[in-house]
């Protein structure tokens with residue numbers, strides 16, 4: 001049987017990680033990246049954007065680790081296929097895909113962000129906004145910046161998919177008759 005402490009801890013870590021990663025990604029995409037346009041100097045826009053994202057990289061990394069570890073632990077314990085209904089098995093497979101996509105796009109974004117920051121001293125790459133190059137943005141930096149825009153969209157989409165799948169899985173578990181849940185827990 002899975003210890004409640006382990007299940008609760010890994011579930012909480014998973015949910016915290018997802019909230020931190022998705023919230024940070026959405027804030028960056030829809031608030032911070034466009035807001036740097038109020039900074040007059042395009043090089044300072046790049047410097048501020050790169051400093052902000054580099055400051056959040058540790059939180060993103062820990063968040064992604066918590067998402068993966070939390071779901072991985074659940075898949076080895078209470079979310080094993082033999083403990084799930086047919087509907088839950090399908091949702092769990094979808095969640096597997098969203099977890100993988102979220103982790104991979106998050107890692108790729110971190111790598112590309114670090115590459116972009118190295119394109120100019122102190123990350124002062126001239127930019128129009130967070131993921132939009134300015135006319136004077138060097139070609140290699142502009143390419144990285146556009147890639148970050150795509151990765152950001154994919155990260156947000158996979159994160160939202162993960163939130164929706166989490167909700168559907170939780171509801172499916174709550175919809176099971178209590179006796180069936182108790183029997184499944186006892187047989188673990």
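The values are calculated or read from the model by the stated rules, or taken from the named source; none is laboratory data. The structure presented is a predicted model; accordingly, all values stated were derived computationally and were not measured. Backbone-built Cβ (ideal geometry, glycine too); neighbour counts: all protein chains shown.
The table for this structure:
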quantity	calculated
Failed criterion for residue 4 (all others in (1) buried (at least 19 other Cβ atoms within 10 Å of the Cβ); (2) without any contact (Cβ under 8 Å) to a residue 60 or more places away in the chain hold)	(1)
Boolean, residue 23 is out of contact with any strand residue (DSSP E or B) (no Cβ under 9 Å at 6 or more places or on another chain) and in a helix (DSSP H, G or I)	yes
Any hit, segment 66-73, residues being out of contact with any helix residue (DSSP H, G or I) (no Cβ under 7 Å at 6 or more places or on another chain) and within 16 Å of residue 12 (Cα to Cα)	yes
Single match in 99, 125 (criterion: touching a helix residue (DSSP H, G or I) at 6+ places or on another chain (Cβ under 7 Å), at pLDDT 90 or above, farther than 16 Å from residue 54 by Cα and crowded, with 21+ Cβ neighbours inside 10 Å)	99
Set 148, 104: member being under 17 Å from the mean Cα position of the chain (by Cα), surrounded by 19 or more Cβ atoms within 10 Å (Cβ to Cβ) and part of a helix (DSSP H, G or I)	148
Cross-chain or 6+ apart pairs with Cβ under 6 Å, segment 98-122 first and over 18 Å from residue 22 (Cα atoms), then outside any helix (DSSP H, G or I)	119/125
